[in-house]
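Structure, as structure tokens:
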């Protein structure tokens, strides 16, 4: 009787098939002829692996995940070898769930070209978006989802930011390098609205023709990010036109002609800057632009900016709430190493005023103290003789 009961219960349990892994090759061989054909046949949980090659043409562009939670990834887990090259005026990839991993999308262009559109719970991991161009549209549009360990390089838009992130979008350990927005555009790398979060990201060498060389923010949060050599007419790194929170970031060599070399608030934006280093700017480091706004700094170090440091709109904040003006003592700024020397005033416990600020800037200690004590020839010879013995 008991055996019959167990058998009856087992018969009522639905069969759950194991996830399948399909292989696609650029020459059309493999389990399916194209990426889209593989997605069409896949179900939630399946994995589609792309063999090394360049994927283009029908079925390998304008790709849709069709609301399926599938993974499309490079077989080698190397974005440099699995490349999607969309045809002119044909979009790249769009999806709202699942994962795109270790894939490069490059060379796409058009008046309203989108390299990548995503939302929902989608994840983009280890991907490269490179050498794409659009006139009117952002090349990357995200209305949800997560980017992890991605690189966005050498992309150009004429009347839009390179990437448009709206709502609960998260970027972790991503690199934005040498992206441009032209013709009075804002946000050379990204336009962040209504809540996107950027953590441990690098913004380097991005440019906007008007404002916000790295980012336009109307509700963005930036934590432990590095902004190196970004440029615009005003606000070389970040222009804020909505509430913006910037924490433990490092800004180096930002370039702007007016308002603020690194950060500007405008149109009533309130900007909170906590534990940041801003140095090497072409003019005063932060400022308030058209229509007003507010900038409050705490535990931050403004130092070595060409237009002065604690001047203009933030002149009264030096010495308040742990704010300082001191050489951050990078390990090797000339070589791009912005970790801190062991005697840096930006390290926990080294604050010159004794304030309990913790780490100031994006990076922790990376080297010891570099000795600059002059060495006499006699002492060098004595040391040599001692070693010889």
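The values are calculated or read from the model by the stated rules, or taken from the named source; none is laboratory data. Keep in mind that what you see is a predicted model, and the values were worked out from it rather than measured. Methodologically, a virtual Cβ is constructed for each residue, glycine included, from the backbone with ideal geometry; neighbour enumeration extends over all protein chains shown.
Within segment 316-355, the set of residues being within 17 Å of residue 297 (Cα to Cα) and without any contact (Cβ under 8 Å) to a residue 24 or more places away in the chain comprises 316, 317, 318, 320.
Return yes when residue 260 is modelled with pLDDT under 95, under 27 Å from residue 327 (Cβ atoms) and out of contact with any helix residue (DSSP H, G or I) (no Cβ under 7 Å at 6 or more places or on another chain) and no when it is not. So residue 260 fits the description; yes.
Do you know which residues across segment 242-257 are over 15 Å from the mean Cα position of the chain (by Cα) and buried (at least 24 other Cβ atoms within 10 Å of the Cβ)? Of everything in segment 242-257, those that are over 15 Å from the mean Cα position of the chain (by Cα) and buried (at least 24 other Cβ atoms within 10 Å of the Cβ) turn out to be 244, 252, 254, 256. Within this structure, residue 294 passes the test of being over 21 Å from the mean Cα position of the chain (by Cα), in a strand (DSSP E or B) and under 22 Å from residue 239 (Cβ atoms). Do the conditions hold for residue 303, that is, is it without any contact (Cβ under 8 Å) to a residue 60 or more places away in the chain, out of contact with any helix residue (DSSP H, G or I) (no Cβ under 8 Å at 6 or more places or on another chain) and under 24 Å from residue 366 (Cα atoms)? Yes. Of the residues 115, 163, 142, 192, the single one that is surrounded by 23 or more Cβ atoms within 10 Å (Cβ to Cβ) and more than 20 Å from residue 241 (Cβ to Cβ) is 115.
Restricting to segment 207-220, give me the number of residues that are within 20 Å of residue 242 (Cβ to Cβ) and either in a strand (DSSP E or B) or under 12 Å from the mean Cα position of the chain (by Cα) (or both).
The number of residues fulfilling the criteria is 7.
Going through segment 71-88 one residue at a time, which ones are closer than 22 Å to residue 138 by Cα and either assigned to a strand (DSSP E or B) or modelled with pLDDT under 95 (or both)? Passing the criteria: 83, 84.
Residues are listed down the side, and each one gets a yes or a no for (1) in a helix (DSSP H, G or I); (2) over 23 Å from residue 260 (Cβ atoms); (3) within 24 Å of the chain's Cα centre (by Cα):
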site: 287; (1), (2), (3): no, no, yes
site: 309; (1), (2), (3): no, no, no
site: 316; (1), (2), (3): yes, no, no
site: 321; (1), (2), (3): no, no, no
site: 343; (1), (2), (3): no, yes, no
site: 346; (1), (2), (3): no, no, yes
site: 360; (1), (2), (3): no, no, yes
site: 369; (1), (2), (3): no, yes, no
